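I have placed the structure first, in the form of structure tokens, so that the comments after it can refer back to it.
The values are calculated or read from the model by the stated rules, or taken from the named source; none is laboratory data. Please read these numbers as outputs of a predicted model, since none were measured by experiment. Cβ atoms come from the backbone with ideal geometry, glycine included; neighbour counts cover every protein chain shown.
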Amino acid sequence: MYPVISFPGFFISQIYLFGVCMVIAWILFFYGLHRRAIVSGITKHIFRYVTTFTFVIFIGSRLMYVFSQWRTEKFIFQDFLSGSDKFSIFLGKFLFSSGTGEYNLSFAGGVIGFLLVFFWLTKSQKKQRIQYFDIIIPAFFIAAIVGYFGAFLGGQIYGVPFESFISLEYKHKYNIVPLQKPLFPLPIFYMIIAIIGAAGSYILSKKILPKGFIGAAGLGFFSVMLFLFEFLNGADDTLSSHFFFNINQFLSIFGILFAFGVFLKIIRE
């Protein structure tokens with residue numbers, strides 16, 4: 001997670017810019033959810049439960065990352081279950097460290113965590129769920145622009161080896177294991193996709209459309225792009241080592257199917 005802003009002589013000596021970007025993205029996301037919900041006429045919306053969403057998103061993203069990298073991360077659980085680690089040590093390892101010495105979160109796990117809270121809080125508002133997706137997807141695009149910019153800075157290094165003038169090469173003193181090969185700039189492309197999604201959502205919001213159309217269009221667009229570009233991720237996980245597709249691609253398939261189902265429902269109505 002680098003580069004950093006340094007504060008010599010202060011209690012906090014340095015701040016990682018990727019972490020700053022994640023905080024900004026989080027603020028933009030929930031502010032966007034709140035704002036769009038009010039504009040849509042939903043005054044008592046579910047997004048006021050920010051703490052619940054944040055906690056479950058974080059736990060989900062860590063759990064899914066541990067699962068996705070089970071070969072190196074399984075020792076967190078094995079040491080605890082064997083009695084080698086106390087619960088406090090296990091909790092510290094799970095929340096704040098990794099078997100590789102780095103700290104990572106799973107995008108798919110965060111999405112699943114968000115959806116679990118969403119469906120739980122809307123269990124008595126099932127008719128409003130489609131309308132909520134018109135709120136969620138545009139807010140996600142705005143937050144994703146900042147989040148992927150943070151990834152571009154080196155917070156989450158990924159992309160297949162790629163020799164070109166657009167390649168990224170992460171050689172930095174804050175990198176634990178400096179990469180020797182240039183990589184395909186996948187975070188930049190995801191950032192561009194998010195910008196296109198945000199612009200498209202804004203244009204559609206100015207038109208009179210059925211409820212759920214904006215959310216389904218945005219979700220379908222992003223899911224298709226995610227599925228295709230994840231072939232250029234360059235990293236293996238538990239699923240891709242057995243089923244060819246990685247966790248994000250399986251998530252994108254569900255996103256495509258859900259968007260297709262919403263469009264079918266709109267057409268029938």
Output for region 107-134, where each listed residue is closer than 17 Å to I247 by Cα and more than 21 Å from the chain's Cα centre (by Cα):
none
Would you mind stating whether D85 is more than 19 Å from N246 (Cα to Cα) and not in a helix (DSSP H, G or I)?
yes
If only one of S61, S98, S88 is farther than 27 Å from A235 by Cβ and either modelled with pLDDT under 80 or not basic (K, R) (or both), which one is it?
S88
How many of the residues making up region 193-214 are within 17 Å of the chain's Cα centre (by Cα) and either closer than 21 Å to G41 by Cβ or not in a helix (DSSP H, G or I) (or both)?
0
Residues that are hydroxyl-bearing (S, T, Y) and not in a helix (DSSP H, G or I): does region 51-70 have at least one?
no
Does R48 satisfy the criteria of being touching a Pro at 6+ places or on another chain (Cβ under 8 Å) and either over 19 Å from G150 (Cβ atoms) or surrounded by fewer than 13 Cβ atoms within 10 Å (Cβ to Cβ) (or both)?
no
Out of curiosity, is I24 surrounded by fewer than 17 Cβ atoms within 10 Å (Cβ to Cβ), out of contact with any helix residue (DSSP H, G or I) (no Cβ under 8 Å at 6 or more places or on another chain), assigned to a helix (DSSP H, G or I) and modelled with pLDDT of 85 or more?
no
Within region 201-252, residues being among the aliphatic types (A, V, I, L, M) and surrounded by 18 or more Cβ atoms within 10 Å (Cβ to Cβ) number 8
Sort through F133, F119, F140 and tell me the only one that's closer than 19 Å to C21 by Cα, at pLDDT 65 or above and among the hydrophobic types (A, V, I, L, M, F, W, C).
F140
